Each structure stands twice: as structure tokens, then as C-alpha cells.
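Taking it in order: structure first as C-alpha cells, then the write-up.
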Amino acid sequence: FMYASIHFSIFIGVDYFFDLTLIKEALLEKRFAIVGLTTGLILLVLAITSTQGWKRRLKKRWNQLHKLAYLAGFLATVHFVWLVKQGVVEPWIWMGVVLILLLARVLPIKRFTLAMRSRLVS
């Protein structure tokens, strides 16, 4: 969340000199900015609700809400891919890494990796 906050601050301060008209145009017209803002809002909600008080208030829904972290990770890589010029490979590598990590959370794959880990430890 901290990185995203710094990134957004640089976007509005350095890139657009706090000109609200230009910022609004960028956020409404540039698809990478729309995805970046969406990702930032998801991360903001997750940061706000990460305290023990919010865990108590939300109970089971806290876990459901915090699964949005997976969506935020994917959207962040989409933001990166759309931001850079064509032919640049680095964002695609990061997208691959995020997708591999997300796939590791899919139930059958998760069961397999947990079973393999327990066999290796035993």
C-alpha cells in the first residue's frame, strides 16, 4: 500500500503538478490510469480494514474482503503492462509471476503443494 501511495503521489504531483483538471482527464481517459486507480482503491480498503478492530467487526467477511488482494495484484500487473511501450518484456514477466502465485492458491494446486511439502518434511 505504501508503494502505491508514493506512486500515486508522484503521479499527481510530479506528472500533473496537482492540476486537478489534468488529473481528472488522465484518470478518465487513460485505461492504465483507470486500472491503477481501481487497484489503489482496493489497496486503500484493504489497508483500512487490516486492523484487529476491523477483523472483529467484519468476522468471516474480513477474509472474503481481503481476497481482493488477489485481484489487486493482477490489476497492478495489467496497469504496468498497459503503461509501458510495446516490446518491453518486464511487465509481462511480472504478470507471469503474479499469475503463478495466484494459481498456487487455486484449491487443487494448493492441495498438491501442501501434500508435497508434508512429504518432504516427514
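Each reported figure results from applying straightforward, stated rules to the coordinates on display, with no laboratory input. Quick caveat, the model's predicted, so the values are computed rather than measured.
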Name the residue, out of Leu65, Leu107, Leu99, whose mean-square fluctuation peaks in a Gaussian network model built on the chain with Cα pairs under 10 Å.
-> Leu107
Where only C-alpha atoms are counted, convex hull volume of the chain per residue in Å³ = 159
Expressed as an acute angle from 0 to 90° and rounded to the nearest 10, what is the orientation of the C-alpha long axis of helix 90-103 relative to the principal long axis of the chain?
-> 40
Degrees, to the nearest 10: 68-83 long Cα axis against longest axis of the chain = 40
Quick one: among Leu41, Leu68, Leu103, which has the greatest mean-square fluctuation in a GNM of the chain with alpha-carbon springs under 10 angstrom?
-> Leu103
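Using only helices, what value at 222 nm comes out for the chain when you add -39,500 (n - 2.57) per DSSP H run of length 4 or more and divide by the total residues, to the nearest 500 deg cm²/dmol? Could you put the intermediate results ahead of the total?
On the way: 8 runs with 96 residues, N = 122.
One gets -24500 deg cm²/dmol as the mean residue ellipticity at 222 nm.
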